[in-house]
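To keep things clear, I will list the structure first and then write my remarks on it.
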Amino acid sequence: MIKPDRRSLAEQTLMLGARNTIRIDTPEDITKMNLRIVIPITVAAGAAPAIDGLQKLIQGLTIKDTNGATKTTITDMRALTGYNCLLSSGIVTYDTLPTVAGAYTLVANLMVHPGRNIGADDDTSAILNGNDTRFYNVEIQMGVDSTLGTGYTIGTCVVTPTVHRLLYTLPQRDRTDLFSRSGKFGVPVGQLLTENAPITSAASNLSFTVELSPARHYLRTLVMILDAAGERSDAVVSRICIKYPRKSGSSSLEVDWLAGKEQMKETYPNLSQHDLVGMYLIDWTEAKELVDDNGMLRTDKFGLNTNGMDKGEVVIGMTTTATGAAMLLHHIAVVAAS
């Protein structure tokens, strides 16, 4: 009925300091997309790398279909690479920037996986939905030499896209009941997106809040905290919670930020402490206390269903100790089933 398929496209050149559009010709549903970016560099004596310099070099990623509809928009690759690194227990990593003078070839692997099982190429828990599109446009915003730090010169970068697709062996009229959720032929339509919330003042008692947008089915959310210099930090937030203001302020999660991160170190033992700086992962399948007005559970094995909710019914709250910082949310979600 369904045949998984993998297809690599020809490499294409990426211009520095520009938004590059890569066309991927495939009408099929995509379960995973890999973008292998090769970055030749020359390192001068005394070079000083920027923190997360290689992740910062790719400054934005957007995937659109034939009609221009946005399927994925990620504004900070540190969130995407952090999420991939966490969920793969450190298997998906980035090269580190060298400091010894010489010529090097680095590789950045960007993985866009909208489903729950990040280790499965043919995971059908969520897809990038083609809706009979003939091609996808992948827009990659690149930084410049100084993005890596001082003493670095970047050569000609190239990207090789690989798509993992679903090939259907049934006629289209017989595909409707293959899966139980809404989407193309019933397959859930995945979304990857980032939101940025400035932290403009110190907030006590979990009073800094960000509202979740409705009409999505949230699988996971990676919370990444940036300090006033724009770097990942554990010194900005002291507590984090999930709150339901319309349920008398009840919550299903409230933890000390650093204590929560200690637990994450147990969950993801293959990661170094640096990999977890400024990051906290929320798995919405664990938000079991959220019920609707009819007493129906709004979470399931697929995550938090906000379909039919109003904005503000679910919020992420924090106690913050610094200003001029920001909270970045990297959501993995699907179009909520009706």
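Remarks
- Criterion violated by residue 53 - all others in (1) surrounded by 13 or more Cβ atoms within 10 Å (Cβ to Cβ); (2) of a type in the set (Gly, Ala, Ser); (3) farther than 22 Å from residue 83 by Cα satisfied: (3)
- Here residue 75 meets the list (1) modelled with pLDDT under 90; (2) hydroxyl-bearing (Ser, Thr, Tyr); (3) surrounded by 16 or more Cβ atoms within 10 Å (Cβ to Cβ) almost entirely, failing just condition (1).
- The residue that is surrounded by the fewest Cβ atoms within 10 Å (Cβ to Cβ), among those in the stretch 56-72 that are within 22 Å of residue 216 (Cα to Cα) and modelled with pLDDT under 90, is 68.
- One residue from 262, 313 being closer than 30 Å to residue 94 by Cα and either modelled with pLDDT under 85 or not in a strand (DSSP E or B) (or both): 262
- Residue that is farthest from residue 271 (Cα to Cα), among those in the stretch 88-110 that are touching a Lys or Arg at 6+ places or on another chain (Cβ under 9 Å) and surrounded by fewer than 19 Cβ atoms within 10 Å (Cβ to Cβ): 107
- Test: residue in the stretch 70-82 that is without any contact (Cβ under 8 Å) to a residue 12 or more places away in the chain and more than 25 Å from residue 144 (Cβ to Cβ): yes
Let's see how each residue does on (1) within 22 Å of the chain's Cα centre (by Cα); (2) in a strand (DSSP E or B):
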{"residue": "30", "(1), (2)": "yes, yes"}
{"residue": "42", "(1), (2)": "no, yes"}
{"residue": "45", "(1), (2)": "no, yes"}
{"residue": "55", "(1), (2)": "yes, no"}
{"residue": "59", "(1), (2)": "yes, yes"}
{"residue": "67", "(1), (2)": "no, no"}
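- Test: residue 256 is assigned by TED's automatic domain parsing to the domain that holds residue 226, closer than 30 Å to residue 93 by Cβ, at pLDDT 80 or above and surrounded by fewer than 18 Cβ atoms within 10 Å (Cβ to Cβ): yes
The values are calculated or read from the model by the stated rules, or taken from the named source; none is laboratory data. For clarity, every value in this text was computed on a predicted model and none was experimentally measured. With ideal geometry, Cβ positions are generated from the backbone for all residues, glycine too; neighbour counts draw on all protein chains shown.
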